[in-house]
Structures are given as structure tokens and as C-alpha cells.
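Undergrad: Structure provided below as C-alpha cells; questions to follow.
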Amino acid sequence: MNWKQRQFSFSLADKDRPGPIGLVFDIQRFAVHDGGGIRTLVFLKGCPLRCKWCQNPESMSPHPDIMRIPHHCIGCVKCMSACPEQAIVMDEDGRVVIRRDACSFCGKCVATCYAGSMSIVGRYLSVDETLVEVERDRQFYENSGGGVTFSGGEPSMQREFLIAALAEAKRRGLHTAIETCAHGPWETFEAVLAQTDLVLTDIKHMDAGAHKSLTGVSNALIADNLRRMAALGARMRIRLPLIPGCNDTRENIAATAAFVAGLETLGAHVEGFDILPYHRLGEPKWEQLGRQYPMPGVRPPARDHVLELASIARGYVAAVTVGG
Amino acid sequence: MNKHASLTAVPVLCGPTERVKRSLDRFMATTPAICHERAVLITEAYRQNEQQPSSIKRARALEAILAGVSIFIGDDEIIVGNQASKPRSAPIFPEFSCQWIEDELDRLEKRTADVFLISEETKAKLREAFGYWKGRTSNERAAALMPAEALEAHNDLVYTVGNYFYNGVGHISADYAKVLNSGLASVIAQAKAELAKLDYTDPAQLKKMHFLRSTIIANEAVIAYAARFADLAEKMAADCADALRKDELREIARICRKVPTRPAETLQEALQSFWFVHLAIQLESNGHSISPMRFDQYIDPFFQANKARLLPEKAQEMLDLLWIKFAELNKVRDEGSTMAFAGYPMFMNLIVGGQKRDGSDATNDLSFMCLQASANTGLYAPSLSIRIHEGTPDALYKEAAKLSRMGMGYPAYYNDRVIVPALLARGLSREDARDYGIIGCVEPQVGGKTEGWHDAAFFNMAKIIELALYDGVDQRTGKQIGPKSGSLETFTCYEDLLASYKAQTEHFVRLMAAADNAVDMTHAELCPLPFLSSLVADCIAEGRSLQEGGAHYNFTGPQGVGVANAGDSLSAVKYLVFDEKTLTMKELAEALRTDFKGREDLRMLLVNRAPKYGNDNDYADEIAREAALIYCNEVNRYTNPRGGKFQPGLYPASANVPLGSVVTATPDGRKAWSPLADGVSPISGCDTCGPTASVLSVAKLDHEIASNGTLLNQKFHPSAIEGDTGLENLKAVTETYFKNGGFHVQYNVISRETLEDAQRNPDQYKGLVVRVAGYSAFFTALDKTLQDDIIARTEQTF
């Protein structure tokens, strides 16, 4: 069964199988901006941060979520009759509404929704099930210098699964990368790093207070973890999601780039510093999860502004890209 | 033999010169028109030569055309020779078919695609000419020769043999190298030598006499045509006030006196010689897909001989100007066909790179310069292709990838690893197989030796599914057209359905072979082509035209269209009805009969829950492979009147649209009368696992048996292939597809228009992903305003 077929059904009971079991919310093949070459991205659920601009809001919770894409619905209402909890109802205006608290994640609605409007986010996978999917593109990795990247969410939230999956990928000769916010216990990162060829990480703001108000946590632990990774000689790509009005001042860019240069001094192999301009592609997913998007109306930054900031960063770090 | 080039220095590559830019502007500002000259001249020539055998009649007609058509030398032209009275105008070929042109004369200016201007004078002259051809066209003769049942199945679009039924055959490559290196004088000498050997008391040899004489008349006519340009250039030089242009015109005059009669020596002579031959072939018959083929191989020696005395930008300019001349060639098609072939395509396939006859890498300076000419001109002609083998230099790969990224769909990539063995299996010698080029869309052959009849038919594999499900009854007309092979109501297992599909395939491939052979015999009888035949081995030596089987290699290549629809339809029934039992045959039959009216849920079940070809899912991929093999193995059974074998291809040109328009709803979830999948590509919107999964699926088909060619179109959003890493990734996709047995791939870069179409037709773009770092979602899951955002960003990269 491949990742696509797994979407047709969901079982909570999969969680209770032996061995490290991960909660994976997407496996995307042919990812080309996430660690070099053609890669497969494995997205793990759960994140300690609550960034207002989060592009994968379905990743935040460490538990499954229920999601509905209204414009895929064909109005067959089979989901309503299938739900044993009466958690899917129709309001007075004829709109389908999910009573999320009532959902028991039995998966019956997903099984009946042939149009793909209802979905449960997250599948409980074993390391082997994950790697089987990853291995399908092995030839592409070999021909392009790619591999597997574990992303999220914050992949280290699923510490046991992540380490086992990385180790298994290494054992199978694959290039491994993680995409991490670096907020977590150092012991976890130390163990992860031993199985990881490349760390993709980001710093949302250099000011601790601003960082806390934007993401819910201070940047102190993050900066500390990044310095420790650097001291171990980690290969890194540092990324900055450039959010208009939040972290896009010249001063913050300069401070971030200076921090990245400092990581190099500490011993990190910094492959690049990527400025990732804000985009709104995550916005509909907030609505599909029944949540309010915290940053309505924010527009992507102007091209000239981004290029100017990139040139500031180049004063500190050699390899600056826009868009990764 | 070392496959790797010892040294691959990229030559100096030059952008377009001012002269090229002016010529491009002039090209863009010219609206195609209809030119009546050829039609009038051939009609008159036929009237005067009624008593002659076909071959002589055709030669005399070519002679009259080349002597009588208006000629001109445009401003800035260096390579001269025009197909019609104005650039981009199209001549008319009434001898093949003319009823449709007569019916559509007043529509040509008004139709939506491929508009042609036409004057009242031209209409009147054409009507007069058409009067002669009533009852005399090859189309009418072929219809009379065809078994009634075979013609009926053609009309019902179970297959179409329309291409050669209404037009000349084309789909060939002449031995251009022979002309460049020896000249047409040597061709005439060869024909005369063969004539001298004949014993006219032998009836078979008497027939050869007519053919050989016709080749002499035709070659002399082309020589005289070149001389007309020499005269014109001299006259223009005498009147020219600009000293530089005067010199250019004198040089043109000198060259047109020399080639194509005698061997070329300089680059300009070689290009001019090539062009006269290419042009004369276009005027002799309207068969499209006349392929320049391995142009870098036969032109490079002349460039090398000239290199020290020629500035790189001058050499590049000559090529660029020739590329514009290619695009000026034109052909008028009926309105129905323009829906499928919009954009005035001539399918002149020019291929670079690959191996030499000895297996070593063939890349040379011209390989790079041809890619550059396509980048400089940005036109749809010639159709640029590249051969890939183990020894293809990275530098050439990279230039090719850059061109791919420009979004014109060129170059098309071809896989020597599959194509060389496929041609060996068809009886080509090892050297000839390594020397292959491409005809038309994707059809491989060795140039100058083959009458491949590559575009013999399009076979509607989805219609076969329909007939297989409904006991041979055409759901559009209600007629019983196929054998009674069972129906949805009677199948008790998947094997019953598969047997029914096989039975219908067998029946209709047999009829298609009969229809093709009737058309083939007609061309031999009425339309031998003496000039073209004289430039393809072994016609002169054998004393037989191409149309009578004079070529060294002979094939007939009909294409299966709708592999993905056939495969996915079979998969859906097998999986949902017989394996999972999610669906009963009765429910399925009812939903299909009503085109899913009120049963969108069931259609979604078929679309989203059955395994689909294109997702690297073995279940669906193996069934698609089998559906294709059933067709291919049937085609392999037949022989053509030229003594050659039938060989299958799997590509649609654009026939997937008209062929889909006659097919009722199918179990892959396709609605009635909608288009079929393109080539061997998955159904649009059903390849939701990305390009890597898609190409791995497609590679699972047997591409070697489909030796007439398979076609894969792979789309990328620009975000997926940006930067140097994007070029590397494109190469990695090509390499992986080819190592797994793929045949051909070309890349389309998704444009703003495509994304707008995706907004309107989300079903067909379900797999579309805009690649952004660390982000996960499909384009169609976004709402309208965000899709608009992406559209606005698509053609802007940071």
C-alpha cells in the first residue's frame, strides 16, 4: 500500500503496533527545495512552536486532525450518515459543519468520501512502512544527489521514531536531512544529528521577545541548540521565513546573517542561508482545520525588498539564496 | 569502442543578431495565406500528360511547378527558396483530396485556429482546378479500394487512417548527406547508369524504365529551380545600391549555380543545398513530417571546413535564418484537424547528439549550435530533439535542459538504450540502428533508407474498451460494429472482460491493417514521388519508387491512443468490482449508461479509489502494460504491400481529442465524449504522486515493442526546475526514466495559462504541486484567491 492508498482509510489502532510508530501527515515525492537534489519529504506531526504564519497548520498537533476541503465536496452527505458520533452535521444554511470535539477518529467518514473532501490528517506508520515509500525514488536520489528529508511539524517531537527512521535510512545508504525549528532538548538533537547528513533549520527572529510573541517561545534554546550543532561540525542550511511586518527589517536580517556567520566560526559547514519569502499557501488549511488564520491580509513581500535584504545578508554569509 | 567523447568543448554560442531579430519580426507580422499557384500548375501538367504513366506524370508535374511558381529573395535572406508566393503561405495539393478545401474555402479566414487569408481570385482559380480532380484524387481511389467494413470502422473512429487517406505520406528523411557530398548531378548519373542496364523486353524492367526516367526529370527540375534563384539574385545584385547586400546577393547567385547540382564545400553552400532539397520535397507532396533528422552530423563537416574563416556569430546567424525558413513552410489542414493540430505544425524533426554508426559519441559543434538556434528563434520549427546515450556529454545535457526550461516543449529527449535495440529487433543493421533519427512526433528510423509510413493510423483504445463492455455495440450510434464478445451484464470475472477487450482489439486491428494497405496501394498506383524516391536507398538501384517498396526498409506504424484510459478502465473494474466488491457490475453499468448523471459519488469512487496508472502503483501499471501489449502484439502480425511489417507506436499527436469525442463514459471515471489521455502519459489529474512516480509508472510499459514510438509529456511548474539545481534535477528525471526503459520524454513548463486552466478544470490537475520549501499541498486544494496569487507569481522568480 503506498502513501496515496493510505489516504482512503484511517485506523487509530495502527498506533498500538510494536516498534517505533510515527504519526506522518504527508509523504511528498520530488521535493526539490529541501536539502539538495530530488528528495522525498516525510512530514511528521507535532510542533512546539505556534508561528502565526504557519504554512502547515495541520502539523501543529501531535494527534490526528480532521480536515475538510469544502470545494471538493460533491454533496453526497455519505460522511454524515457514516459518522457514529453525529459529529458531521448540516447547519441551517445547508453547509456541512464538523463538531470536532465529538470526533472519535474512527475514519468512517474518510472511507466514504470518494471525492476526497473529508480527510484525517496523520497516519500511524512503522519505520519500515515509511522507508518503503521513501525507497521508491532511490534512483532519483542517486542521479540527482538527493535523499530523504524528515520535516514537520517539528520532527524531533517524535524522537524515538525519528531516530529509528533516520538510522534505517542511513543503513540503507540514503542521504538524510531534517528540517527542524531546533526547539527541544539538546540530548534529542545530539542523537538525531548522529544519523543526519544535513540540518535545515530556521531562526524566525533574533530578538527573544519578538520571537516569543511571533511563535510562542523564546529563541534562547533554539540559538543554543544551533550553536551546539555548529560546534559538532554539523552541515547546515539556515533559513529565514521572511514575514512582512514581523521579521523583515534590515536590522533583523543583518543580525540573523551575523548569527549564521558565527555558526560557521563555531565549526558548522553552512551550505547556505536561504531567505524564504512569505506566501499565503497555508491559509486555506487553517480554515480546512476549522481554525482562524492569525495573519489575514498579509501579502507576500515585494521583490525589491527581498533582493535588498538578500544583499545585506551577503555581507555576512557567502551563499545566500532566495527561495531555497 | 569508447562511448565517451574524448573532448567536449562547448563552442562559442552566440545570441540572435540584429538581422535575425528583424527577420523574426517580419515572420511574426506575416499572416499565412493560401497560394493557388501549385494547384493550378499541377492541374495543367496533369491535363497535358494524361497518357503518361503515374511516375512520369508526377515528374512532369514537379517540373511544371518548380518552373512556374513565383520566387523571391527576401530582405536579409542568406539562404533562399520559397514554398509559395509569400512567406508562410501554403500551397494546395488537390491530387490527394480537395473536396474538403472546396467546402471550407470561405471558412479559412474565419476559423478560430490556424487562419489563412485567401483572395477571391485564389478561390476562383482553385475551384476551377478542383473541377479536374473530381473522381481522380488518391482519397477517392483509396476509399474505393478499402473493404466496406474497414471504411466504416474508420468513419466510426474506432481508428482513423485519415492522415494518408487525405494527404501525401511524408514522414521520411531523404539522404541529405548524399546531396551535400555528391550533388544531384551524381543522382542523375546513377539513374542513367541503371537505365543503361535495362532490358526493355522484360515487362518488369520496362516499368523500371518509367520510374528511372521520372527521377531524371525530377532532379533536373530541381537543378533548374536553383538556377532561377541564381538568375534572380544576379538581377537583384545589379539593382542593389547597398554594397554589402550586393556582395551577399552575388554570393547567393554563385551558390545557387553550384548547389544542389554539385557537392557543397562551405557552410552556406551546404545549408543552401540542404534547403533546396528540403523545399522540393515539400512541393512534390504535402505529406508532413519531412525530417532533417541528423542535421548536426551531416552539416558539421562543412562548418569545420569553414570554421577558421567564419565568425561564430555569422555561422550561428545562418543557422538561425534557416530556422526561420523552416517555420515559413506551411500546410493547410481541414478545420476539424486544426482543433487537434493548432499552430501550423509541420513536424520537421531535427535531432542532435547520440551515437555515430560506430557507437562513439556523435556530439559536435553543430549539436550545440542547433540548440542555440532554437533558443535564439523561439519558433515551433524545426522540432528539435536530442538523443541520449551513456556517453552524452554533461555540457550538451545542460544546454538541452536550459532550452527545456524556456517552455517551448523542446528539445524532446530520446533514449538510445531502448531505441537502438528496438530497431535491431525490426531488422535494421547495427550501424543503421545506431544512426537513427526521429520522424514526426517520436518515430525512429534510419534516414535516407526507410519508407516508414510512421503515421499510418490512430487506434482508439478507449473505443475498444467501450465495445468490449457493450458486446461490440457502438454506444454513440447504437450499431453493432464489433464482434459479440460479452457485456457488463455477462462478465463473471475479470478474465471475461479482458477476453472481450482482446477480441475487439483483434477484430479492429485486422480491419485497420486492411484500411492502411488499401491507402498504401493507392499511393503506389497514383502518387509515386520520383524526386523523393531518388534520394532514398535503394529506389534507384531497384528501379522502384518508394511507394512501390523501393526503400531499403519498409514499415507501417499505427498508434494506439488512450493507453491510460484502457488500462485504468480495466483496473477499475478488476479492483472495485471483482477484488474489493465495492461496486456491482449492475451499478457500474447503470452509471456508465447515464454518464454518471446523479452518480458523481460513484464517478469519484472510480477516479479516486481505483488504482491509477501514473502513480508507481504496480497494480495499475501492470494492467496498463498488458492493455498496451495486447494492441502491440496484434499490430505486429500484419504486412504491408511494400513488403514491410507493421510496427506499433503509442502516441496520439493530438488525436486524443477527436478520438475521445466518440467514446462514451468509461470505467476510469472519464465522462462521455471527453478527451483521452495523451500518449503514454497518465490521465491528466490522475498522477497525484508527482513526476518521479509518474515516470517510473510509464517506464513499466514495454517501450521496445512499440518501436514506432511512445510519447511522454511531463509538466513542471517553474518552481520545480529553477536554478542550476533545477537543470540537474531535470537531467536526473530524464536519466532515471531512460535507465528504466523509457523511450521519449519532453517537458512542458507550466505557464500562467495552464494554471488558469487548472482553476477552471481542477479534475485534470489534481496532481499539480507548486513546489515551495517545506510546504505540503496540492494546487487544487487552495482557494481561488490563493490560486490567483500563485498564478501571478508563476512567471516571476526571485
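The values are calculated or read from the model by the stated rules, or taken from the named source; none is laboratory data. For clarity, every value in this text was computed on a predicted model and none was experimentally measured. Don't worry about glycine lacking a Cβ; one is built from the backbone with ideal geometry, like all the others, and counts go over all protein chains shown. For accessibility, only protein heavy atoms count, side chains too; no ligands or nucleic acids. Shrake-Rupley method; radii C 1.70, N 1.55, O 1.52, S 1.80 Å.
Undergrad: Tell me, what % of the accessible area of the stretch A:35-101 is carbon and sulfur with a 1.4 angstrom probe? Working shown, then result.
TA: Numbers: 1570 of 2970 Å².
Roughly 53 percent of what the probe reaches on the stretch A:35-101 is carbon or sulfur.
Undergrad: With a 1.4 Å probe on protein heavy atoms only, tell me which residues of the stretch A:270-304 lose at least 20 Å² of accessible surface in the complex relative to the chain by itself.
TA: Buried by the other chains: A:P277, A:H279, A:R280, A:L281, A:P284, A:K285, A:P300, A:R303.
Undergrad: When the chain is fully extended, how far beyond the present Cα-Cα distance does B:D618 get from B:D25, taking 0.36 nm per residue of separation?
TA: Values: separation 593, 0.36 × 593 = 213.48 nm, distance 5.06 nm.
208.4 nm is the gain from fully extending B:D618 to B:D25.
Undergrad: Among the listed pairs B:K123/B:K235; B:K134/B:K449; B:K586/B:K612; B:K402/B:K766, give every one whose C-alpha distance is greater than 25 Å.
TA: B:K123/B:K235; B:K134/B:K449; B:K402/B:K766
Undergrad: Counting each DSSP H run of 4 or more residues in the protein assembly as shown as -39500 (n - 2.57), what helix-only mean residue ellipticity at 222 nm follows after dividing by all residues, to the nearest 500 deg cm²/dmol? Walk me through the intermediate numbers first.
TA: Values: 45 runs with 496 residues, N = 1122.
Per the formula, -13500 deg cm²/dmol.
Undergrad: Can you tell me the dipole magnitude for the stretch A:211-324 around its Cα centre, using point charges on the Cβ only (Lys, Arg +1; Asp, Glu -1), in Debye to the nearest 20? Spell out each step's value before the answer.
TA: On the way: 13 positive and 10 negative charges, 44 e Å.
I would put it at about 220 debye.
Undergrad: Sticking with this structure for a sec: At 7 Å along the Cα-to-beta-carbon direction for both A:V77 and B:K479, put a label point, then send me their distance in nm to one decimal.
TA: If labels sit at A:V77 and B:K479, their model points lie 4.6 nm apart.
Undergrad: What is the packing order of peptides B:681-694, A:183-196, B:624-637, taking the mean over residues of other C-beta atoms within 10 Å and listing the highest first?
TA: Details: B:681-694: 25.1, A:183-196: 17.8, B:624-637: 21.4.
Listed from highest to lowest mean packing, they are B:681-694, B:624-637, A:183-196.
Undergrad: Dipole magnitude of the stretch B:15-118 about its Cα centre, charges +1 at Lys/Arg Cβ and -1 at Asp/Glu Cβ only, in debye to the nearest 20? Can you show the working numbers first?
TA: Values: 14 positive and 16 negative charges, 39 e Å.
Using Cβ point charges on Lys, Arg, Asp and Glu, the stretch B:15-118 gives about 180 debye.
Undergrad: Something else now. In nm, what is the difference between 0.36 nm times the number of residues separating B:E128 and B:E50 and their Cα-Cα distance?
TA: Values: separation 78, 0.36 × 78 = 28.08 nm, distance 1.78 nm.
Full extension of this stretch gives 26.3 nm more.
Undergrad: Looking only at the stretch A:243-277, which residues have a backbone nitrogen under 20 Å from a spot 7 Å from the Cα of A:A220 in the C-beta direction?
TA: A:256, A:259
Undergrad: While we're here: Within the stretch B:512-531, whose backbone N sits under 19 Å from a point 7 Å along Cα→Cβ of B:T639?
TA: It comes to B:512-522, B:524, nothing else.
Undergrad: Calculate the all-directions average of the projected area of the protein assembly as shown's alpha-carbon convex hull, and give it in nm².
TA: Working: hull surface 187.6 nm².
Convex hull of Cα atoms, orientation-averaged projection: 46.9 nm².
Undergrad: How tilted is helix B:37-48 with respect to the longest principal axis of chain B? Cα atoms for both, answer in degrees (0 to 90, nearest 10).
TA: 70
Undergrad: How much of the accessible area of chain B, probe 1.4 Å, is carbon plus sulfur, in whole percent? Please report the intermediate quantities before stating the final value.
TA: On the way: 13470 of 26010 Å².
Carbon with sulfur: 52 percent of the solvent-accessible area.
Undergrad: Quick one: dipole size for chain B, taken about the Cα centre, charges +1 on Lys/Arg Cβ and -1 on Asp/Glu Cβ, in debye to the nearest 20.
TA: Working: 86 positive and 103 negative charges, 214 e Å.
For this selection, approximately 1020 debye.
Undergrad: Can you tell me the 0 to 90 degree angle between the C-alpha axis of helix B:184-197 and the longest principal axis of chain B, rounded to 10?
TA: 90
Undergrad: Also, quick follow-up: In nanometres, what is the gap between the two model label sites at A:K52 and B:D394, each 7 Å from Cα along Cα-to-Cβ?
TA: About 4.6 nm, to one decimal.
Undergrad: Report the calculated FRET efficiency for B:A305 and B:E149 (r = Cβ-Cβ distance, R0 = 45 Å), to the nearest 0.05.
TA: On the way: r = 58 Å, r/R0 = 1.29.
Rounded to the nearest 0.05, the efficiency is 0.20.
Undergrad: Please give the peptides B:142-150, B:341-349 ranked by average Cβ packing (other Cβ atoms within 10 Å per residue), highest first, as a rough proxy for protection.
TA: Details: B:142-150: 17.1, B:341-349: 20.2.
Those peptides, ordered most packed to least, come out B:341-349, B:142-150.
Undergrad: Can you tell me how the stretch B:627-759 classifies by the Cα gyration tensor, rounded, prolate or oblate, using a/c under 1.5 as the rounded cut? Walk me through the numbers before you get to the answer.
TA: Details: a/c = 2.27, a/b = 1.33, b/c = 1.70.
Because a/c hits 1.5 or more and a/b fails to exceed b/c, the stretch B:627-759 counts as oblate.
Undergrad: Mind ordering B:169-177, A:239-247 by average Cβ neighbours within 10 Å, highest first? Intermediate results must be reported in sequence, preceding the final value.
TA: On the way: B:169-177: 25.2, A:239-247: 20.7.
In decreasing order of mean packing, B:169-177, A:239-247 become B:169-177, A:239-247.
Undergrad: Something else: Enter the accessible area per residue of chain B (Å², integer; probe 1.4 Å; all protein chains in place).
TA: 33
Undergrad: Round to the nearest 0.05 the FRET efficiency obtained for B:E506 and B:D757 when R0 = 51 Å and r is the Cβ-Cβ distance. Provide the component values of the computation, followed by the final result.
TA: Working: r = 38 Å, r/R0 = 0.75.
Efficiency, rounded to the nearest 0.05: 0.85.
Undergrad: Further question: Run the accessible area of the stretch A:155-261 with a 1.4 Å probe and give the carbon-and-sulfur part as a rounded percent.
TA: That fraction is 53 percent.
Undergrad: Let me ask something else. Ignoring ligands, DNA and RNA, what accessible area per residue does chain A give at 1.4 Å, in Å²?
TA: Details: 12410 Å² over 324 residues.
Result: 38 Å² of accessible area for each residue.
Undergrad: Assuming R0 = 45 Å, can you tell me the calculated FRET efficiency for the pair A:D128 and A:A302, based on Cβ-Cβ distance, to the nearest 0.05?
TA: Details: r = 47 Å, r/R0 = 1.05.
Calculated transfer efficiency: 0.45.
Undergrad: Which percent, to the nearest 5, of DSSP beta bridges fully inside chain B are antiparallel? Can you show the working numbers first?
TA: Working: 12 of 39 bridges.
Taking every DSSP beta bridge with both residues in chain B, the antiparallel ones total about 30 percent.
Undergrad: What is the Cα radius of gyration of the stretch B:96-135 over 2.2 N^0.38 Å, N being its residue count?
TA: Numbers: Rg = 10.6 Å, N = 40, 2.2 N^0.38 = 8.9 Å.
Normalised Cα radius of gyration, the stretch B:96-135: 1.18.
Undergrad: Taking each full run of DSSP H in chain A as one helix, which ones are at least 15 Å long along their axis (Cα atoms) and have mean Kyte-Doolittle hydropathy of at least -1.0?
TA: On the way: long enough: A:159-171 (18 Å, 0.17); A:220-231 (17 Å, 0.43); A:250-266 (24 Å, 0.66); A:303-314 (17 Å, -0.01).
The qualifying helices are A:159-171, A:220-231, A:250-266, A:303-314.
Undergrad: Go through the stretch A:22-47 and flag every residue whose accessible area shrinks by 40 Å² or more with all protein chains in place compared to the isolated chain (probe 1.4 Å).
TA: A:Q28, A:R29, A:F30, A:V32, A:H33
Undergrad: Going 7 Å from the Cα of B:F72 along its beta-carbon direction, which residues of the stretch B:317-336 have the amide nitrogen within less than 20 Å of the resulting point?
TA: So the set is B:321-332.
Undergrad: Rounded to the nearest 100 Å², what is the sum over both chains of accessible area buried where B meets A, with a probe of 1.4 Å?
TA: Values: alone 28300 and 14650 Å², together 38410 Å².
Buried area (both sides, nearest 100 Å²): 4500 Å².
Undergrad: Follow-up question, since we're still on this one. Could you please put A:R68, A:R235 in sequence from largest to smallest accessible area, using a 1.4 Å probe?
TA: Most to least solvent-accessible, the answer reads A:R235, A:R68.
Undergrad: Helix B:494-526: angle to the longest alpha-carbon principal axis of chain B, degrees 0 to 90, nearest 10?
TA: 20
Undergrad: A further question follows. Distance in nm between label sites at A:E160 and A:R100, each 7 Å beyond Cα in the beta-carbon direction?
TA: 2.8
Undergrad: Further, regarding this structure: In percent, how large is the relative contact order of the stretch B:541-610, given Cα pairs closer than 8 Å and 6 or more residues apart? Present the calculation step by step, with values, prior to reporting the outcome.
TA: Details: 22 pairs, mean separation 16.2, N = 70.
Normalised by residue count, the contact order of the stretch B:541-610 is 23 percent.
Undergrad: Accessible area drop of at least 40 Å² (1.4 Å probe, protein heavy atoms): which residues of the stretch B:567-610 qualify, relative to the chain alone?
TA: B:D601, B:M604, B:N608, B:R609
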